[in-house]
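The values are calculated or read from the model by the stated rules, or taken from the named source; none is laboratory data. Since we're looking at a predicted model, the values are computed, not measured. Cβ placement follows ideal geometry from the backbone for every residue including glycine, while neighbour counts extend to all protein chains displayed. Only protein heavy atoms, including side chains, enter the accessible area calculation; ligands, DNA and RNA are left aside. Shrake-Rupley method; radii C 1.70, N 1.55, O 1.52, S 1.80 Å.
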Amino acid sequence: MEIKKELSAEQREELLKVLKVRFEKNMNRHKGLDWEKVLAKLEINAEKLWSLYEMERTGGEPDVTGHDKTTDQYIFYDCASESPKGRRSICYDREALESRKEHKPANSAIDMAAAMGIELLTEQQYRELQQLENFDTKTSSWVKTPSEIRKLGGALFCDFRYNTVFLYHNGAESYYAARAFRGSLQI
């Protein structure tokens, strides 16, 4: 069944209001950027607006973290202080989910991100996010895992402890109540 990737007028207006307030409250994340220019991009990209709504609905608190001048796209990352609550207790990908014989999680990070129309942060993007402020001081987040690691059954995740970003590995089929994923979206 195809998911309708369209917001009602009420959902759209509420989301834009939340995004504007967050943008204005956290100028340190996007110095020199103008909300009106971001808004103009959002208004002509309904499907991307739906993806931002999904990021918000699952607890990601998306915010603008940059602007790619080459493509003229605004970059949104999940900026919730801890890993998004609506995405926790999930394994890494579909293969990992299907490999579990019992106690399967409800979903996987890769499947959820694809359904939402977003990408998992890479390790580099996660480190860039941590330059803005401290995230995941009590939780952890799956990050995009290189195929050579994934082929061997592993997956990568990061967190922030002791003023340091740590990169770890786990079996891709593992899942924990304090681990989710952070996503990115370019508009």
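Checking each residue in the range 140-167 for being β-branched (Val, Ile, Thr) and under 26 Å from Lys48 (Cβ atoms) picks out Val143, Thr145. Quick check: anything in the range 34-47 open to solvent by less than 60 Å² (accessible area, probe 1.4 Å), among the small types (Gly, Ala, Ser) and within 27 Å of Asn134 (Cα to Cα)? No - not one qualifying residue is present in the range 34-47. The lone criterion from (1) without any contact (Cβ under 8 Å) to a residue 24 or more places away in the chain; (2) of a type outside the set (Phe, Trp, Tyr); (3) in contact with a helix residue (DSSP H, G or I) (Cβ under 7 Å, 6 or more places away or on another chain); (4) assigned to a strand (DSSP E or B) left unmet by Ala180 is number (1). Answer yes or no: is there a residue in the range 143-153 that is open to solvent by less than 70 Å² (accessible area, probe 1.4 Å), modelled with pLDDT of 95 or more, among the hydrophobic types (A, V, I, L, M, F, W, C) and assigned to a strand (DSSP E or B). Scanning the range 143-153, I find at least one residue that is open to solvent by less than 70 Å² (accessible area, probe 1.4 Å), modelled with pLDDT of 95 or more, among the hydrophobic types (A, V, I, L, M, F, W, C) and assigned to a strand (DSSP E or B), so the answer is yes.
Residues are listed down the side, and each one gets a yes or a no for (1) within 12 Å of the chain's Cα centre (by Cα); (2) modelled with pLDDT of 95 or more; (3) not in a loop (DSSP other than H, G, I, E, B):
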site	(1), (2), (3)
Glu13	no, yes, yes
Val21	no, yes, yes
Glu47	no, no, yes
Glu82	yes, yes, no
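One residue stands out in the range 154-169 among those that are open to solvent by 40 Å² or more (accessible area, probe 1.4 Å) and either in contact (Cβ under 8 Å) with a residue 12 or more places away in the chain or not β-branched (Val, Ile, Thr) (or both): the one that is nearest to Arg94 (Cα to Cα), namely His169.
Within the bounds of the range 179-186, is there any residue that is open to solvent by 20 Å² or more (accessible area, probe 1.4 Å) and within 17 Å of the chain's Cα centre (by Cα)? Yes, because at least one residue in the range 179-186 is open to solvent by 20 Å² or more (accessible area, probe 1.4 Å) and within 17 Å of the chain's Cα centre (by Cα).
Does at least one position in the range 48-56 carry a residue that is farther than 17 Å from Phe181 by Cα and open to solvent by less than 10 Å² (accessible area, probe 1.4 Å)?
The answer is yes, given that some residue of the range 48-56 is farther than 17 Å from Phe181 by Cα and open to solvent by less than 10 Å² (accessible area, probe 1.4 Å).
The combined condition, being closer than 18 Å to Ser184 by Cα, part of a helix (DSSP H, G or I) and over 17 Å from the mean Cα position of the chain (by Cα), is fulfilled by Leu42.
Whether any residue in the range 57-67 is at pLDDT below 95, among the charged types (D, E, K, R), farther than 21 Å from Leu156 by Cβ and open to solvent by 50 Å² or more (accessible area, probe 1.4 Å) is what I want to check. Looking for residues that are at pLDDT below 95, among the charged types (D, E, K, R), farther than 21 Å from Leu156 by Cβ and open to solvent by 50 Å² or more (accessible area, probe 1.4 Å), one finds none in the range 57-67, hence no. Give me the pairs: first residue in the range 88-110 and touching a residue at least 24 places away in the same chain (Cβ under 8 Å), second residue hydroxyl-bearing (Ser, Thr, Tyr) and open to solvent by 60 Å² or more (accessible area, probe 1.4 Å), beta-carbon distance under 8 Å, and six or more apart or on different chains, which are they? Pairs found: Arg88/Tyr176; Ser89/Tyr175; Ser89/Tyr176; Ile90/Tyr175; Cys91/Tyr175; Pro105/Tyr175.
Which of the residues that make up the range 129-142 are assigned to a loop (DSSP other than H, G, I, E, B) and surrounded by fewer than 18 Cβ atoms within 10 Å (Cβ to Cβ)?
Glu133, Asn134, Thr137, Lys138
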